[in-house]
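The values are calculated or read from the model by the stated rules, or taken from the named source; none is laboratory data. Note that the coordinates shown come from a computational prediction; the quantities given were computed from them, not determined experimentally. Cβ coordinates were reconstructed from backbone atoms using ideal geometry, including for glycine residues, and neighbour counts include every protein chain displayed. Ligands, DNA and RNA are stripped out before the accessible areas are found, and what is left, the full protein with its side chains, is counted by its heavy atoms. Shrake-Rupley method; radii C 1.70, N 1.55, O 1.52, S 1.80 Å.
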Amino acid sequence: ATHEGDGGRVSSSGGPRGASGSTMTKLALFVFFVMTRALHPMLIDSSKVEGKILYAKNTPIALNKLLTLVLMNMVALLVDGMRGVRLCWQPRCLAIFGMIGVVYALGDFLEMLSMAKLSGGVYQVLLQTKLLITALMCMWLKGTGQTPLQWHVLFSMFLSVSAFVLVDQGGDGGSSALPIMAVLTVLMKVAVSCYCAVLSEKYLKAFSDMPLYAKISGLSLTWAIASLLLCMTEKQVARQGFFAHWDHVTWWVTASFVIKTVSTMYLLQALDSVQKNIGEALALIVIYLSQVAIAGFSEAFDLSVFLLAVLVVILVKTYLISPKPKPTGVKPASRQMKLVSLKHEGSPVMQSLGIRSMTCQVQGSLPQGVFYGVLGGLHPVCGNTDPNGAESCELMMLSEAQGSTSALPVLPTESLTVLGEVRGPGAPRQVVTSETCMRDLEQARARFADDMSHVSSMV
């Protein structure tokens, strides 16, 4: 049985002082995240000459990926020596994260293409449509719906974003005031980013045994290659050279790309997705106020624009805290299988982590990955199916504290009933860790409790 995770370290809190320190650290990281998200489009705005980007749009992206690649290999050398450098170049890393890097390169290219026609504030507001686009993608690809409240909030957010763009552009909705192609490019960028986010979340967690610097290095290599190939498609690079029209601000744009890439990967280890989305929404207010305060941007304060920006932030927050849709339709029937054998000792790996578990075999095929169910018709359990045999699994009791040394439970019936799935199978040769074992247990308990509350509500 295998579990995914980030290392079997057990952290200890130092009481109230430790909790306070952790809160302050997260607050500082959140502020840093907001500032990086605000400064990046502002720097691209500053690099324009009379409202136009004169340098080849993809050159800062290609150079920043090369710099990120070198930076991550230097980090690997400092942290783990030559072993760390070898991890950055292992085929498994390049194959998985290299694929994602190509898609990210397309997203960066679309970003620069849209920023050539839009201001940083308008661009950041349009990015908030990612919640609506993600909802539509989930409905199409996964069949996951939204509650009526969430659809109303998403539609309100779409109208607020549209109003902000129209008012900020100072037009009446005509084509002269609003660059339609630039807006469509941003929406394409958002769609690509949503797809990248799904891939990144999946593989960053699945390959948790791999250091983060190795993952970023694998991303950056193909990201750089794809960006260089996109550079070749720009006639300006062929005619005038790679660094044509570069100045000190362009170098700052390149540096901001590096900081954005690396900090995003590291900060997402500390900030959850809700904080990330709120942070990106708050960045648009920082951008607007900064453009009003800094003389070089020639942006006059407009109360209506500011209030629309605040409204977008509030709607993002409302969507994120709104109740999620409950599963609809008929729940798959539970499966009861005859218990063939049950052993008190768990696998050696689980024993080394101090996780109490049992190994068992059943007649029939268990679901792949981690599931929850009932052992012997009485004991709630969390199980992990053996990837080498669907009839074998490792079980953890939901009703007892880990570390206890109780004997085999009394079983009224020799059966194992599978009630539902916790998550899919992990990646091959994945390192087993205590953190994800505990996370699997918590999710199994939550889903088991939801099932019980649903049953009780129908009684």
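Using mean Cβ contacts within 10 Å as the protection proxy, how do 106-112, 154-160, 235-241, 183-189 order, highest first?
Highest mean packing first, the order is 106-112, 183-189, 154-160, 235-241.
Find how much the distance from E421 to K52 grows on full extension, using 0.36 nm per residue of separation minus their present alpha carbon separation; answer in nm with one decimal.
127.6 nm
Pulled fully out, how much extra length does the chain show between V70 and Q336, if you take 0.36 nm times their separation in residues and subtract their Cα-Cα distance?
90.3 nm
Mind giving me the nanometre distance, one decimal, between the label points for L77 and T233, set 7 Å out from Cα along Cα→Cβ?
3.4 nm
Any number yet on Rg/Rh for region 37-83, C-alpha, Kirkwood?
Answer for region 37-83: 1.21.
Heavy atoms only, 1.4 Å probe, whole protein assembly: order T433, T222 by accessible area, highest first.
T222, T433
What ranking do 27-33, 339-345 get when scored by the average of other Cβ atoms within 10 Å per residue, highest first?
Those peptides, ordered most packed to least, come out 27-33, 339-345.
What is the gain in length, in nm to one decimal, between A95 and H245 on full extension, counting 0.36 nm per residue of separation less the C-alpha to C-alpha distance?
50.5 nm
With label points built 7 Å along Cα→Cβ from the Cα atoms of A163 and V31, find their separation and express it in nm.
Calculated label separation equals 3.2 nm.
Quick check: pseudo-label points 7 Å beyond the Cα along Cα→Cβ at V410 and A293, how many nm apart are they?
Label-label distance for V410 and A293, simple model: 6.9 nm.
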